[in-house]
Amino acid sequence: MVDVNNATVYVVDDDEAILDSLQLLLKTAGLRACTYDGPEKFLSDYQPTRPGCLILDIQMPGMTGLELQEILADVGSILPIIFITGHADIPIAVQAMKDGAFEFLQKPFNDTVLLDYVTKALSLNERQQKEITATQSVIARIEKLSPREKQVFEKVAEGKSGKVIASELNLSPRTIEIYRSHVMLKMQATSAVELANLMNITR
Amino acid sequence: MNASKQSLAEVEALKRKVKREKSARHQAEQILEHKSTELYHTNQKLKQALAELDERAIAKEKQLVGELRANQDTTRTLLDSAQEGIFGANSNGRLFSFNRAAEEMFGYDSGDVIGAGVSILLASPYREQSDESLRSFLQSGDESFLQESRELIAQRADGSHFPIELWVVNTVSADGTIFFILIRDLSAQKAAEQEIFKKEVEVQQARDHLAHIARVATLGEIAAGIAHEVNQPLAAITTYAQSGHRLLDAKVREKDDIAYVLQQIERQASRASEVISRLRSSIKYGDATRERTSIDTIIADTLTLICVEADRKKVEVEYRPECDLEPIDADSVQIQQVLINLIINAIQALEAANVQQPRVVLRTEPRAHQQIYVSVTDNGPPISRETMDQLFTPFFSTKEHGLGIGLSLCRTLIAAHGGSLNINRNRREGNEFFFTLPTINAVVKASKKMESSNG
């Protein structure tokens, strides 16, 4: 299950009634909601590390929902976006989905559907957040390797044998064996296959 | 002897006396005879002279009568040839002449009406008033009775009515004041007036119809915005209601929350219905209804209808309200229609020209002579002089699918309110359309002025 205690559902819409009713609905579903009546206000409050998802209106004065989506993508946000719109504007919906929107809902929306999307978006966010954390830890470990160890790590992960690596790096197979054990230890891996997986995460 | 002698002498004397007397008598007789003959002749002459005189008098009389008759005939011919109905009446209102035109108009033979009262020719209520007004004129001598023509309703022999114009001319004759009354049948004229009025009504109806079509067409252009305006509160209502269900299902029922949900639903429902009633009044079809309102309210209502369209086209619509503007007497829907037209035109022009930071600014200002000035200004490329000259021409449009009725209709609608609509030709940047509207006080003053000049 999603760790709802930790996640926040952000809602951005210029209509106060929509914000208020959504906050109430999310509250009844046991979700924490944070509402903003404009994208600018949301951005000034936004912290990329905070888990959650975003319910975003498209048609707003000033910055539109699509523009906010673009800005968030530019700063590498992984916050899943559920777009809500008053009128079914197909080209806009297509554009939003192409740009990586999580879902697209037309007002007025069914609460079950909305909450289902929200739950799914939150678990996606959680998963992605975990992956990121994992990747970050792998990257941190790789950064602790010496340049020579890094070379050996890459070649082992590529599935090369000790002999091949020794000849490629012009070192003795024994020396390679020592580097290999250091890499295993620093990367917290027990096999060449695990090293290959860690390598893939960073790519 | 002396005695006889004396007697003889006496006889002789007597004899002479008789003789003298005799001759005298004869002489007298002769004179008498002569005189009587003379008399006879004189008498004869006199008789003859008298006879001659008589003859001449008769001839003269005959001549006079002839002349009079000829004169009467001429008058009669003259009267009969007149287009107007003419009849004469004495001071008691009794008819003594009735021309042919009058006969035709009224369906009476002159013989039937001579001697009757003038009032039989008039329809009620004029019939009852005619004798009285004649009498009051005779008593007061008020010349105004004669000076002006008046329009009345006349009644024919068959009882049918027709409108007439009537003049009274008076003249004093041996029998006292007599009147000649001239009448023109206004039936044809009235029918023509009726026809003109009918045409005017038709033109008005056609204009209303056109305004309605244009309004619906304009509303079509901003339909997305209107739909959005209704959909927002509906979406909120749906979400509130769903939250309410969840609250009821929850183990811990929070009464306050349920009450809050219901209150919000109510509020949003009335918000939706307000939009709908605004919309309904905008597309309503019918006669213009004037009411006391403020230009501020009209602009605010217009902006709620237009804001989503403006957002969609990314045009900033700004309204700088001027406080203390006097109220106006206007058909809100029509003024709204004019504003929507001007704003939509601006938005479309800005979009077509791909203007950076497109902006439409609405301003209101009080002006001299109790006028309110309203302007819609955009920051698009200026309209060319040639286009400006044609802007208000019906069926002229710069838009690909434009009907070309918007601006010319707007001008008509503003003119119907006693204002004027135009484009500011002196701007170097952007385009400014403006119109003026009289304040309610100006309208009241004008109508008072009219009343006093009429009364």
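The values are calculated or read from the model by the stated rules, or taken from the named source; none is laboratory data. Everything numeric here is computed off the predicted structure, so don't read it as measured data. Ideal geometry is used to build each Cβ from the backbone, glycine not excepted, and the neighbour counts take in all protein chains shown. Surface areas here come from the heavy atoms of the whole protein model, side chains and all, with no ligands, DNA or RNA. Shrake-Rupley method; radii C 1.70, N 1.55, O 1.52, S 1.80 Å.
So, restricting to strands (runs of 3 or more DSSP E) that lie completely within the stretch B:317-387, which ones have at least 2 residues that are farther than 26 Å from B:Ala211 by Cβ?
B:359-367
Among the residues of the stretch A:92-111, write down those that are in contact (Cβ under 8 Å) with a residue 24 or more places away in the chain and either closer than 20 Å to B:Arg312 by Cβ or away from chain B (no Cβ under 14 Å) (or both).
In the first step, residues of the stretch A:92-111 are kept if they are in contact (Cβ under 8 Å) with a residue 24 or more places away in the chain; the result is A:92, A:95-96, A:99-102, A:107, A:109, A:111.
Those that are in contact (Cβ under 8 Å) with a residue 24 or more places away in the chain and either closer than 20 Å to B:Arg312 by Cβ or away from chain B (no Cβ under 14 Å) (or both): A:Ile92, A:Gln95, A:Ala96, A:Asp99, A:Gly100, A:Ala101, A:Phe102, A:Lys107.
Could you say which residue among B:Gln6, B:Gln30, B:Gln44 is over 30 Å from B:Leu166 (Cα atoms) and at pLDDT below 85?
Answer to the check: B:Gln6.
When B:Ile226 is evaluated against the numbered criteria (1) within 18 Å of A:Leu19 (Cα to Cα); (2) more than 10 Å from every other protein chain (Cβ to nearest Cβ); (3) among the β-branched types (Val, Ile, Thr); (4) under 60 Å from the mean Cα position of the chain (by Cα), which criterion, by number, is the only one it fails?
The single condition B:Ile226 does not satisfy is (1).
Considering only the stretch B:312-329, I want to know if a residue exists there that is under 20 Å from B:Arg411 (Cα atoms) and assigned by TED's automatic domain parsing to the domain that holds B:Ile414. If you could, list the steps in order and put the result at the bottom.
Looking only at the stretch B:312-329, we keep the residues that are under 20 Å from B:Arg411 (Cα atoms), and these are B:328-329.
Filter once more, keeping what is assigned by TED's automatic domain parsing to the domain that holds B:Ile414: B:328-329.
Looking for residues that are under 20 Å from B:Arg411 (Cα atoms) and assigned by TED's automatic domain parsing to the domain that holds B:Ile414, one finds at least one in the stretch B:312-329, hence yes.
Please go through the stretch B:154-198 and give me each residue that is open to solvent by less than 60 Å² (accessible area, probe 1.4 Å), part of a loop (DSSP other than H, G, I, E, B) and among the aliphatic types (A, V, I, L, M), ordered by number.
B:Ala157, B:Leu186
Among A:Leu54, A:Leu22, A:Leu68, A:Leu26, which is the only one that is in contact with a strand residue (DSSP E or B) (Cβ under 9 Å, 6 or more places away or on another chain), more than 14 Å from chain B (Cβ to nearest Cβ), modelled with pLDDT of 90 or more and within 25 Å of A:Thr112 (Cα to Cα)?
Working: A:Leu22 fails: more than 14 Å from chain B (Cβ to nearest Cβ); A:Leu68 fails: within 25 Å of A:Thr112 (Cα to Cα); A:Leu26 fails: more than 14 Å from chain B (Cβ to nearest Cβ).
From the options A:Leu54, A:Leu22, A:Leu68, A:Leu26, the qualifying one is A:Leu54.
So the check is Cβ under 8 Å with 6+ separation or different chains; which pairs have a first residue in the stretch B:98-115 that's within 16 Å of B:Asp158 (Cα to Cα) and a second one that's open to solvent by 30 Å² or more (accessible area, probe 1.4 Å) and among the hydrophobic types (A, V, I, L, M, F, W, C)?
B:Phe106/B:Ala157; B:Gly107/B:Ala157; B:Tyr108/B:Ala157; B:Asp112/B:Ala157; B:Val113/B:Ile120
In the stretch B:219-247, what count of residues is obtained for those that are surrounded by 21 or more Cβ atoms within 10 Å (Cβ to Cβ) and either modelled with pLDDT under 85 or not assigned by TED's automatic domain parsing to the domain that holds B:Ala272 (or both)?
Of the residues in the stretch B:219-247, 5 are surrounded by 21 or more Cβ atoms within 10 Å (Cβ to Cβ) and either modelled with pLDDT under 85 or not assigned by TED's automatic domain parsing to the domain that holds B:Ala272 (or both).
Return yes when B:Ser136 is under 26 Å from B:Ala191 (Cα atoms) and assigned to a helix (DSSP H, G or I) and no when it is not. Please lay out each step first, then the result.
On the way: under 26 Å from B:Ala191 (Cα atoms): no; assigned to a helix (DSSP H, G or I): yes.
For B:Ser136, the condition - under 26 Å from B:Ala191 (Cα atoms) and assigned to a helix (DSSP H, G or I) - is not met.
Tell me whether the stretch A:54-77 contains one or more residues that are free of Cβ contacts under 8 Å to residues at least 60 places away in the same chain, surrounded by 15 or more Cβ atoms within 10 Å (Cβ to Cβ) and out of contact with any helix residue (DSSP H, G or I) (no Cβ under 9 Å at 6 or more places or on another chain).
no
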